[in-house]
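Each reported figure results from applying straightforward, stated rules to the coordinates on display, with no laboratory input. In this text the structure is predicted, and so the values were computed from the model without any measurement. All Cβ positions, glycine included, derive from the backbone under ideal geometry; neighbour counts span all protein chains shown.
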Ligand code: TEU
């Protein structure tokens, strides 16, 4: 177990993200709950993870599946009670697993009592908790757009003003310029720290310092000032792990977020690599193939620049992203091989790995008609593009490739009805392939993707070079291989991954020929031929 009394214990930790609504239902309601997570703690212990990031479980009208919080100190009844949360924290602790809560601090729900008060009148004490501008009903302050479509301004006749929302209209932006808002947030975080929470993930934290009059959403001028104040008043009073979601972070900014002096957060969660397979200058729905060589160079840049200067998150999936084995792997012919190759590619690097529920089983995307989707981002885009005359086929292709519900189908536990997720009717359908892809089968098969992840996690704990080593990209321009070296205090790793469905000949560098294989997803390779999606990690000492 990690020594969590040390400030930077999280450097050797591995996280697992749970999307509670889709993890495990224990009541037959069709939605997952906290007791379901408790029931599966031993499974997670077997996998070997140290931290559980729970997507929001706070009271919420669930317009954006909990990313619209109406009470930051209450558990949504759909998930259980505060008592259940206390039990989860305690049961987790027994197993060396800490709970990381997902704080949505950029905005609240429009049902939060702050907002209900705020919209009553301009002189209500809560009015200034949100971002208001004058205007007339048909002329918003400017033409800024919300991330989920439509204008970023919503008219409130009661006060004769518009409020600003970067996401759905039900998610009004909080006004961080107001010190009273910041104080409320600090008190709430301190209260959760008292409950024994071990970490926080901060949703769209790069967007808190907005300045809508100047069109600024992300990376506002006061962003890092706010973060330092937040951190000093809360996180720095304990030994927590904190991670900031920052779509707009480059390496320079990432070094501020994750400065080694702990003045802001432990690490940054950035998306540079995840945005490469979309058309340049456009959004995620405008598909493009993955520029493989560019992707390797992007990883190499982040590895080099943050080494000794910051800390990165390593992830290929989350609740907003499609399943990686369908996205960058091959979920038909080489599902398990490519899932393992992707895991090897990522887990060999420096940073904190995040495994998203079901990734350890090689769960895949779904390919459904529009009626089956639940996500508001997906549905809004569908209607917006339909109205613009985009062909149905093209819209559906984007949804199949990139839609967020790909990640939100229920966890596949076994081959019983609804994959063992619920005894009721699931809120969203289970992926049809649950008959063959499920945790029970994975646990019975020593060659499963699950045990491969288990081994990668164990290696990180056994060999400090995984945690602390520097990074050198080899075969930079090779169109199929991802090869890199790590070294730390006389120990070295060589990671070789064939990221394609073709056989590739590659002779290992001379000085690596007699080294030890720590993990591999297939036999061979050492003789110079790498089979489709073959991957391995080699190790040597005193080099
Ligand atoms: O996502 C941040 C965000 O910018 C998303 O809108 C992202 O662009 C989109 O999901 C990509 O498909 C965070 C949460 O992770 C997401 O689930 C929330 O919907 C969003 O914030 C609003 O809170």
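Tabulated values for the structure
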quantity	calculated
Ascending count of other beta-carbon atoms within 10 Å, so fewest first, for 539, 478, 165	478, 539, 165
Relative contact order [Cα under 8 Å, 6+ residues apart], segment 91-179, whole percent	29 percent
Anisotropy class of segment 399-499 from Cα gyration tensor, a/c 1.5 cut	prolate
Tilt relative to the chain, helix 335-347 - C-alpha long axis, 0 to 90 degrees, to 10	80 degrees
Estimated FRET transfer efficiency (residue 2, residue 380; beta-carbon r; R0 51 Å; 0.05)	0.80
Between segment 353-374 and segment 319-345, the Cα center-to-center distance that results, in Å	11 Å
Centroid-to-centroid separation of segment 191-235 and segment 267-306 [C-alpha atoms, Å]	24 Å
The chain - percent relative contact order, Cα under 8 Å, separation 6 or more	13 percent
Acute angle (nearest 10 degrees) that the helix 392-402 long axis makes with the longest principal axis of the chain, alpha-carbon atoms	70 degrees
Three-way shape label, segment 448-543, alpha-carbon gyration tensor, a/c 1.5	oblate
Length added when fully stretched, residue 472-residue 287, from 0.36 nm per residue minus Cα-Cα	63.6 nm
Contour minus Cα-Cα distance for residue 505 and residue 447 (0.36 nm per residue)	18.4 nm
Approximate shape of the chain as ellipsoid semi-axes (Cα gyration tensor, √5λ), whole Å, largest first	38, 26, 24
In degrees, nearest ten, helix 449-462 long axis to first principal axis of the chain (Cα)	90 degrees
Ranked 134, 128, 50, criterion: other C-beta atoms within 10 Å, fewest first	134, 128, 50
Residue-averaged 222 nm ellipticity for the chain, from DSSP H runs of 4+ at -39500 (n - 2.57), nearest 500	-8000 deg cm²/dmol
Added length on full extension, which subtracts the Cα-Cα distance from 0.36 nm per residue, residue 517 to residue 95	148.9 nm
Share antiparallel - DSSP beta bridges, the chain, percent rounded to 5	60 percent
Label-point gap, in nm, between residue 232 and residue 136 - each point 7 angstrom along Cα→Cβ	4.6 nm
Order of 23, 79 - criterion: other Cβ atoms within 10 Å of each residue's Cβ, fewest first	23, 79
